[in-house]
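Trainee: For reference, the structure I am asking about is given below.
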Amino acid sequence: MGRYAARTAGMTASEIRALFAVASRPEVVSLAGGMPYLAALPLESLAADVGRLMATEGLTALQYGSAQGTVELREQICEVMALEGISAHPDDVVVTVGSQMGLDMVTRVFCDPGDVVLAEAPSYVGALGTFSAYQAQVVHVEMDDAGLVPEALRQALAAVRASGRRVKFLYTIPNFQNPAGVTLSVRRRSEILEICAQHDVLVVEDNPYGLLGFDGQTYPALRSADAANVVYLGSFSKTFAPGLRVGWVLAPHAVREKLVLAAESATLCPPAFTQAVVSRYLAQHDWKGQIKTYREEYRERRDATLAAMDQHLPAGCTWTKPAGGFYVWLTVPEGLDTKAMLPRAVTQRVAYVPGTAFYADSFGSRQMRLSYCYPTPERIREGVRRLAAVLEGEMDLLNTFGTVQRRTLSGPQTPTPDTA
């Protein structure tokens, strides 16, 4: 319609969102959504905390607050970031409604239509949606098992410059990346920062998984080595609870001022109640011990996933071996298309996210993201077994007919309860 702003053309539905209606059905083993395993939380104790909060601080917790967030929580956030070597002042922290809001604000502040954002290949689907909504152009940069490839970054910067376009920032998830599960090596971190500094390119470091390394190792944040040129996005969604929607941005002082103005125009202020819940949790609970519990839960699930893949997946499949976080990145044999075969997988009661969701340029047709954070190890093993049966069926069709024959679906290309 002519009434809509031109930028709405970049607003498209996420393939993950379209999957949730199907993946939430109890008979489907969902290896799709990255939902934390909240049963590991001390729910009764948290419920009592919320009750005390309402009784003693209710009039404050239910009131408007500052656009930047409460001072107490910002001080505590600095303590959390110190675990990754970051030395920060609370004045440079802006509390957000999840780190997704922080990413939206950063993009709004820096990107004009047609500007270029560099992003890993593959990259987080929520980030790609944000960049598209602001009409930024995404140029992907190659990764390998050690994360972003420095030489590929140099080549991407040169190619964009030669085309006459501007690179506004590099968006990276350095630790246990979503969706690939790989981690940027410590050796490469300084080189990536040097390249970006040389080319006057800001670095946006998105780090929701950094404290969830399965061997207990915490990698130094990019922000810890370059406070002047790195904007850091953090979140309590993976280390506490996503339903509270509390994240933050740590930015250089001048950038911080712009972000506060962007936050005021977007939400006026982040919810004081959820900030108070998180702040009490950090002050009164063993939150480091809770992160350790999460790591143990997710390590067990990661191990179950990798063992099941070794046992069941057909020859020609390859996958990453994450050292933390939530995800495995699976590449299927040549000739298969993970988006096209998704309806059959859901019919066989297993769900995943096709690789094309994580590229801005339609690549990824042979890849898929498997999430192991939520299902039990037993469900994971059954889900991988079902997925293997689907892959074997697709390969049989390919070997028989030379191409995979499929029923043409009308309506949505991503399955829903009506089309699965």
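Trainee: Please verify whether the stretch 332-349 includes one or more residues that are within 29 Å of T400 (Cβ to Cβ), in contact (Cβ under 8 Å) with a residue 60 or more places away in the chain, of a type in the set (S, T, Y) and not in a helix (DSSP H, G or I).
Mentor: no
Trainee: Can you give me the number of residues within the stretch 196-227 that are more than 26 Å from T356 (Cβ to Cβ), surrounded by 19 or more Cβ atoms within 10 Å (Cβ to Cβ) and among the hydrophobic types (A, V, I, L, M, F, W, C)?
Mentor: The total comes to 8.
Trainee: Right, here's the next one. Need pairs with beta-carbon distance below 7 Å; first residue free of Cβ contacts under 8 Å to residues at least 24 places away in the same chain and within the stretch 65-88, second of a type outside the set (V, I, T); sequence gap 6+ or separate chains.
Mentor: V71/P90; E75/P90; C78/A88; C78/P90
Trainee: Restricting to the stretch 30-48, name every residue that is farther than 20 Å from R299 by Cβ, in a helix (DSSP H, G or I) and in contact with a Phe, Trp or Tyr (Cβ under 8 Å, 6 or more places away or on another chain).
Mentor: Scanning the stretch 30-48 gives a single hit, L46.
Trainee: Yes or no: S66 buried (at least 21 other Cβ atoms within 10 Å of the Cβ) and either on the phi < 0 side of the Ramachandran plot or at pLDDT 95 or above (or both)?
Mentor: Spelling it out, it is not the case that S66 is buried (at least 21 other Cβ atoms within 10 Å of the Cβ) and either on the phi < 0 side of the Ramachandran plot or at pLDDT 95 or above (or both).
Trainee: Would you please name the residue that is farthest from P36 (Cα to Cα), looking only at residues in the stretch 259-297 that are of a type in the set (S, T, Y) and at pLDDT 95 or above?
Mentor: My answer is S279.
Residues are listed down the side, and each one gets a yes or a no for (1) of a type in the set (S, T, Y); (2) at pLDDT 95 or above; (3) in contact with a helix residue (DSSP H, G or I) (Cβ under 9 Å, 6 or more places away or on another chain); (4) assigned to a helix (DSSP H, G or I):
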position	(1), (2), (3), (4)
R369	no, yes, yes, no
R381	no, yes, yes, yes
E394	no, no, yes, yes
T403	yes, no, yes, no
T414	yes, no, yes, no
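Trainee: Among the residues of the stretch 350-379, which ones are of a type in the set (G, A, S) and either crowded, with 24+ Cβ neighbours inside 10 Å or in contact (Cβ under 8 Å) with a residue 60 or more places away in the chain (or both)?
Mentor: Within the stretch 350-379, A351, G355, A357, A360, G364, S371 qualify.
Trainee: Given the conditions (1) out of contact with any Pro (no Cβ under 7 Å at 6 or more places or on another chain); (2) on the phi < 0 side of the Ramachandran plot, and given that S362 satisfies all but one, which numbered condition is not satisfied?
Mentor: Going through the list (1) out of contact with any Pro (no Cβ under 7 Å at 6 or more places or on another chain); (2) on the phi < 0 side of the Ramachandran plot, S362 breaks only (2).
Trainee: For A152, work out the one condition from (1) open to solvent by less than 30 Å² (accessible area, probe 1.4 Å); (2) in contact (Cβ under 8 Å) with a residue 12 or more places away in the chain it doesn't fulfil.
Mentor: Failing condition for A152: (2).
Residue-wise test of (1) over 16 Å from M101 (Cβ atoms); (2) not hydrophobic (A, V, I, L, M, F, W, C).
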| site | (1), (2) |
| --- | --- |
| A197 | yes, no |
| D215 | yes, yes |
| R223 | yes, yes |
| L233 | no, no |
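Trainee: Could you list, in sequence order, all residues of the stretch 280-301 that are among the aromatic types (F, W, Y) and open to solvent by 20 Å² or more (accessible area, probe 1.4 Å)?
Mentor: Matches in the stretch 280-301: W287 only.
Trainee: Another one. Give me the residue from the stretch 331-349 that is surrounded by fewer than 24 Cβ atoms within 10 Å (Cβ to Cβ) and touching a strand residue (DSSP E or B) at 6+ places or on another chain (Cβ under 6 Å) and, out of that set, modelled with the lowest pLDDT.
Mentor: K339
Trainee: Okay, next question. Quick check: is even one residue across the stretch 230-242 open to solvent by 20 Å² or more (accessible area, probe 1.4 Å) and without any contact (Cβ under 8 Å) to a residue 40 or more places away in the chain?
Mentor: Looking for residues that are open to solvent by 20 Å² or more (accessible area, probe 1.4 Å) and without any contact (Cβ under 8 Å) to a residue 40 or more places away in the chain, one finds none in the stretch 230-242, hence no.
Trainee: Next question, about the same structure. Taking the stated definitions as given, is T318 of a type in the set (S, T, Y) and open to solvent by 50 Å² or more (accessible area, probe 1.4 Å)?
Mentor: So T318 fits the description; yes.
Trainee: Let me confirm something: among V97, V109, which residue is within 17 Å of A254 (Cβ to Cβ), open to solvent by 30 Å² or more (accessible area, probe 1.4 Å) and aliphatic (A, V, I, L, M)?
Mentor: V109 is the lone residue from the list that is within 17 Å of A254 (Cβ to Cβ), open to solvent by 30 Å² or more (accessible area, probe 1.4 Å) and aliphatic (A, V, I, L, M).
Trainee: OK, next. Can you tell me which residues in the stretch 32-50 are open to solvent by less than 40 Å² (accessible area, probe 1.4 Å), of a type outside the set (A, V, I, L, M, F, W, C) and over 17 Å from the mean Cα position of the chain (by Cα)?
Mentor: The one that is open to solvent by less than 40 Å² (accessible area, probe 1.4 Å), of a type outside the set (A, V, I, L, M, F, W, C) and over 17 Å from the mean Cα position of the chain (by Cα): D49.
The values are calculated or read from the model by the stated rules, or taken from the named source; none is laboratory data. Remember, predicted model here, so these are calculated numbers, not experimental data. Virtual Cβ from ideal backbone geometry, glycine too; neighbours counted across all protein chains shown. These area figures cover heavy atoms from the full protein model, side chains too; ligands, DNA and RNA do not enter into them. Shrake-Rupley method; radii C 1.70, N 1.55, O 1.52, S 1.80 Å.
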